[in-house]
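To keep things clear, I will list the structure first and then write my remarks on it.
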Amino acid sequence: MIVKVVALLLTPFFLFGLELTVEGGKENNQPFSIIHIKDKKNFLCERIRNDFDQTVQVICAFSQRPSQSLRPINNNFFKISFATKGSHYFITITPHKKMKLYPMIFDLKETHTIFNADVSVSKAWTLVGYEDELPFIREEKLPATAINFPVTTRDKELPFVGGLDLKGNPIHISKIKDVSDYLAIKRYYKAKDYETALSLVDDVLKAYPDSVFKSELLLYKIRSYHFLDNSDDLLSIAKVYLRDYASDENIPEVLAYTAKAYSDMGLYTDSDYFFERLFDEHPENKFAHLGMIYKAQQLDSAGNAKKALTYYEKAFYTTQDIEIASMAAFKMSEYYLEHNKVTMAQKYVNKILDANSPYFSQHYQAALDMAMAFSDHLKYETAARIVGATYSKNPASRDEDEKMLKDQGIWLAKAGKKEEALFIFNKYLNDYKYGMFVDAVQEAKDALFFENADMNVSAKLAEYNTLIQTYPNDSIGDKALYKKARLLCDNGHFQEVLDLNSSLHQLDPTEFNDVDNVIQEAAEGLMRTSLKAKACRQVIALSEMYSITLSSEWDRDIFECAFKGGNYALAKTTATPHLKEKDIDSRMAWLLRYIKTDFQTGNYTEVVRAAKELVTLVSMQKSAAYNEVYRLLFDAYQRLGDDSGMIRTIVDVENTFGLVYKDSERYTKMVALAQRKKDDH
């Protein structure tokens with residue numbers, strides 16, 4: 001007895017179609033477990049053995065990586081783990097008890113000759129885990145000189161009778177070409193190539209008028225005409241079918257299509273006859289339930305929508321066929337939407353979405369119209385779900401897909417489904433990089449998180465921080481970072497903006513092209529704040545790090561900080577533009593600052609030039625506020641070794657300040673000069 005205890009079909013998880021099945025059972029009251037591993041390509045399974053030649057581990061290697069990872073599997077006999085290394089994928093099986101590994105290189109349905117094969121790669125491997133005795137298999141140790149003869153099993157095959165007709169007689173398929181044609185017709189019909197199917201049916205009936213498949217061939221003609229809306233030809237074949245094959249199991253289907261054909265032609269008396277036959281003779285058949293929908297459509301066309309609804313409801317609640325139930329639910333949703341009963345319409349749409357969502361893709365134009373109707377009624381989530389089902393199940397790209405994806409995202413956003421909307425918006429922007437709605441989608445994506453004007457600064461900053469952490473590799477996170485910097489700057493948090501300098505410069509410059517402006521604005525704002533606070537050290541640091549230009553009203557504060565901090569280059573640069581000011585008093589003040597700066601840098605020649613200009617202005621203006629220039633001029637002459645200049649200037653110093661202690665060193669230098677020149681004056 002073998003009981004399947006675990007079965008994992010991994011096709012949805014693996015790109016390369018791997019199947020792994022774990023089974024368990026008992027033989028002679030001894031439990032065992034079997035692992036089957038299959039793939040479309042050959043793969044390696046290698047045994048790891050201990051010193052006693054016992055298998056302690058099996059490792060199987062695959063050349064492709066899976067799309068998703070799996071959790072380890074563990075039972076009484078095995079532990080199965082999965083790992084990815086580089087581009088390779090590995091399955092490791094570790095036994096809890098004993099284990100055997102066998103390559104399955106022969107398909108006994110196809111191969112009639114087998115032999116003992118020792119291979120390292122195969123498309124299928126089987127592992128058996130057991131306690132004491134290997135179940136079902138008897139292993140014998142063969143001598144190294146034994147010959148490996150192949151075993152042929154063809155003579156063990158059972159006799160093959162083949163297909164039988166309705167009387168139980170064999171059908172000699174090799175002599176009847178209509179079999180292959182019949183199968184081809186079925187393929188064309190399944191592929192919805194109805195015209196080709198009809199043409200081939202006519203050829204077969206002409207070549208084989210007494211074909212055993214005649215009833216089936218006529219049925220396929222009826223079906224094809226039905227889906228081609230060819231009521232005239234359908235009715236001509238249906239009459240023959242209903243007469244010649246009255247007891248056939250497909251009669252309910254033919255009655256349903258016949259009734260609809262008459263209905264489509266407006267021959268309601270004839271259609272009602274066949275509807276009644278269908279409902280009375282085959283009330284439990286699924287085509288009777290389909291016929292109820294056709295009858296409802298007839299009533300609706302005749303203006304009796306309310307009675308049509310009763311047929312839709314009856315079809316929905318009596319059928320076991322999910323397609324018919326979906327059709328009825330869809331029609332009821334349309335009815336309720338037209339009569340502004342949106343909640344009822346949602347009820348039936350949700351039933352389709354939950355049980356048979358591909359229905360919308362199969363009827364995508366009607367589905368899109370319904371989605372738009374729900375959006376008009378502000379039922380955005382329902383509209384988005386319909387479009388999502390229509391788009392995701394779409395087997396091939398359609399012209400409407402781009403707009404469908406855009407609409408789905410916008411409706412999800414309006415429904416408050418931010419995460420789902422974000423996923424759809426990102427999908428659109430990835431799939432349609434140059435699409436018609438890129439700007440609208442990007443705007444809607446931004447609006448998901450960045451258009452709440454009612455939030456205060458603290459709440460906005462908290463929101464931006466959350467977005468930055470949640471979406472670090474998305475334009476949402478990037479925009480949140482930019483918005484955060486902009487908000488901080490606008491509210492005077494300049495240092496925090498500058499702390500984001502590195503992160504801000506990692507943003508896409510084509511999208512965030514004024515990052516440098518934000519940083520510069522923050523640097524200038526912090527400079528003004530620091531100047532007001534007399535934080536000269538920070539002022540100097542900012543001036544060295546950023547190219548900051550403030551209005552001239554800040555120049556005096558900048559100069560004082562620069563001079564105080566020893567940044568004489570900045571001090572001189574700040575003072576220079578003011579040396580030609582029209583306001584004489586302001587020009588004198590800046591000349592004095594300029595002279596002090598040059599004196600500190602040892603540029604005594606420039607000190608002399610500027611000091612002479614200032615002395616001239618001081619003498620004209622009779623302003624004592626700038627008398628310090630005489631001392632600076634004397635000291636500059638002294639450092640230049642200009643004795644004549646010293647002699648001329650010491651007179652001005654004495655006349656301006658008198659004999660004061662502050663100038664004692666200058667007088668001492670003059671005494672030294674006199675002694676050197678032996679001049680008693």
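The values are calculated or read from the model by the stated rules, or taken from the named source; none is laboratory data. This one's a predicted model, so the numbers in the text were calculated from it and none came from an experiment. FYI the Cβ positions are ideal-geometry reconstructions off the backbone, even for glycines, and counts take in every protein chain you see.
Taking D132 as the residue in question, decide whether it is over 27 Å from N28 (Cβ atoms), at pLDDT below 90, loosely packed, with under 12 Cβ neighbours inside 10 Å and charged (D, E, K, R).
no
Being in contact with a Ser or Thr (Cβ under 9 Å, 6 or more places away or on another chain), assigned to a helix (DSSP H, G or I) and touching a residue at least 12 places away in the same chain (Cβ under 8 Å) narrows it down to one residue among A480, A440; which is it?
On the way: A440 fails: in contact with a Ser or Thr (Cβ under 9 Å, 6 or more places away or on another chain).
Answer to the selection: A480.
Which pairs do you get when a residue that is farther than 14 Å from V629 by Cβ, found in segment 642-663, comes within reach of a residue that is of a type in the set (S, T, N, Q), reach meaning Cβ atoms under 8 angstrom, with the pair 6+ apart or on two chains?
If the second residue must be of a type in the set (S, T, N, Q), the pairs left are M646/Q638.
Can you name the residue in segment 239-284 that is under 16 Å from I222 (Cα atoms) and aromatic (F, W, Y) and, of all such residues, is modelled with the lowest pLDDT?
Y245
Could you say which residue among S547, S543 is in a loop (DSSP other than H, G, I, E, B) and within 55 Å of the chain's Cα centre (by Cα)?
Working: S543 fails: in a loop (DSSP other than H, G, I, E, B).
Every option except S547 fails the conditions.
When segment 550-587 is examined, which residues are found to be part of a loop (DSSP other than H, G, I, E, B) and either hydroxyl-bearing (S, T, Y) or under 17 Å from C536 (Cα atoms) (or both)? Steps first, please.
To start, the set of residues in segment 550-587 that are part of a loop (DSSP other than H, G, I, E, B) comprises 550-551, 565-567, 579-583.
Hits for segment 550-587 are L550, S551, G565, G566, N567.
Step by step: first the residues of segment 436-468, then only those that are within 17 Å of the chain's Cα centre (by Cα) and surrounded by fewer than 17 Cβ atoms within 10 Å (Cβ to Cβ), then the one that is modelled with the highest pLDDT. Which residue is that?
Within segment 436-468, the match that is modelled with the highest pLDDT is V438.
Just the residues that are under 18 Å from A462 (Cα atoms), part of a loop (DSSP other than H, G, I, E, B) and under 33 Å from the mean Cα position of the chain (by Cα), please, taken from segment 487-525.
Across segment 487-525, the qualifying residue is only L500.
Is one or more of the residues making up segment 70-87 aromatic (F, W, Y) and at pLDDT below 85? Full working, then the answer.
Taking segment 70-87 and keeping what is aromatic (F, W, Y), we get 77-78, 82.
Those still in the list that are at pLDDT below 85 too: none.
There is no residue in segment 70-87 that is aromatic (F, W, Y) and at pLDDT below 85.
Conditions first: (1) free of Cβ contacts under 8 Å to residues at least 24 places away in the same chain; (2) touching a Phe, Trp or Tyr at 6+ places or on another chain (Cβ under 9 Å). E249 passes all but one, so which condition is the exception?
E249 satisfies every listed condition except (2).
Residue under question is T573, and the condition is that it be within 30 Å of E628 (Cα to Cα) and not aromatic (F, W, Y); does it hold? Outline the logic, then answer.
Working: within 30 Å of E628 (Cα to Cα): yes; not aromatic (F, W, Y): yes.
Here the answer is yes, as T573 does meet what is asked.
Of the residues K564, K534, only one is surrounded by fewer than 17 Cβ atoms within 10 Å (Cβ to Cβ), at pLDDT 80 or above and assigned by TED's automatic domain parsing to the domain that holds L591; which? Steps first, answer last, please.
Values: K534 fails: assigned by TED's automatic domain parsing to the domain that holds L591.
K564 is the lone residue from the list that is surrounded by fewer than 17 Cβ atoms within 10 Å (Cβ to Cβ), at pLDDT 80 or above and assigned by TED's automatic domain parsing to the domain that holds L591.
Which number in (1) within 48 Å of the chain's Cα centre (by Cα); (2) buried (at least 23 other Cβ atoms within 10 Å of the Cβ) marks the one condition that S301 misses?
Status for S301: all satisfied but (2).
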